[in-house]
Amino acid sequence: FDDLDGDEFDFTRVATDVFYYLPLWSSGRTFAFRFTTSLDIDDRGSRVPFYFQRTLGGSEMLRGFREFRFRDRNLVFLSTEYRWEAIPALEFALFYDAGKVFPRRSDFNLDGLQTSFGLGIRVKTRSSVVLRIDMAHSREGNRIYFKFGPAF
């Protein structure tokens, strides 16, 4: 990211988003895993503006918390889902999310992760998820999300 008006907000972001799907003993049953990390390296004398900082919370990452609940320069996130296709058009998912944001790259570890878990219902076609309903719980309460498209 290059600040066009000067060099106050110049930084480099290194990000990864890895998915792995493990089919189980019968068709229609899968474990889905996701690992996401994002590290920001600001140029000397620069900083990362708050509106470019990564966030956790909401329907995409850490579903038991409200949207944009956690914000900082760096992020680590893990999610796992057990998916069971009841019929071709309907799938259920049990999920567990864990993640944190942190100010310094030296804090990159799995200590102090925020967690949430829940149940999802997916309405599908042969090739995609049309509607996703996730009911999640965290230490801050319960959330329900209605989304078009897959979780990951």
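The values are calculated or read from the model by the stated rules, or taken from the named source; none is laboratory data. These numbers were taken from a predicted model, which means no experiment stands behind them. Virtual Cβ from ideal backbone geometry, glycine too; neighbours counted across all protein chains shown. Just the protein is used for accessible areas: all its heavy atoms, side chains included, with ligands, DNA and RNA removed. Shrake-Rupley method; radii C 1.70, N 1.55, O 1.52, S 1.80 Å.
Restricting attention to the stretch 61-84, which residues are under 18 Å from Tyr20 (Cα atoms) and assigned to a strand (DSSP E or B)?
Within the stretch 61-84, Val76, Phe77, Leu78, Ser79, Thr80, Glu81, Tyr82, Arg83, Trp84 qualify.
If you take the residues of the stretch 28-41 that are exposed (fewer than 15 other Cβ atoms within 10 Å of the Cβ) and either more than 30 Å from Ala86 (Cβ to Cβ) or of a type outside the set (A, V, I, L, M, F, W, C) (or both), which of them is modelled with the highest pLDDT?
Taking the candidates together, the pick is Arg29.
Which one of Asp2, Asp10 is modelled with pLDDT under 95 and open to solvent by less than 20 Å² (accessible area, probe 1.4 Å)?
Answer to the selection: Asp10.
Identify, from the list Glu60, Glu81, the residue that is surrounded by 16 or more Cβ atoms within 10 Å (Cβ to Cβ), in contact with a strand residue (DSSP E or B) (Cβ under 8 Å, 6 or more places away or on another chain) and in contact (Cβ under 8 Å) with a residue 60 or more places away in the chain.
Working: Glu60 fails: in contact with a strand residue (DSSP E or B) (Cβ under 8 Å, 6 or more places away or on another chain).
Criteria check complete, one pass: Glu81.
Among the numbered criteria (1) farther than 16 Å from Thr30 by Cα; (2) among the aliphatic types (A, V, I, L, M); (3) touching a residue at least 24 places away in the same chain (Cβ under 8 Å), which one does Ile121 miss?
So Ile121 meets the others, but not (1).
Select from the stretch 44-57 the residues that are in contact (Cβ under 8 Å) with a residue 12 or more places away in the chain and assigned to a loop (DSSP other than H, G, I, E, B) and write down the one among them that is nearest to the chain's Cα centre (by Cα).
Gly57
Considering only the stretch 116-127, I want to know if a residue exists there that is more than 24 Å from Val18 (Cβ to Cβ), among the aliphatic types (A, V, I, L, M) and at pLDDT below 95.
There is no residue in the stretch 116-127 that is more than 24 Å from Val18 (Cβ to Cβ), among the aliphatic types (A, V, I, L, M) and at pLDDT below 95.
Does Phe68 fit the bill of being of a type in the set (Phe, Trp, Tyr), touching a Leu at 6+ places or on another chain (Cβ under 9 Å) and more than 26 Å from Asp43 (Cα to Cα)?
The answer is no for Phe68.
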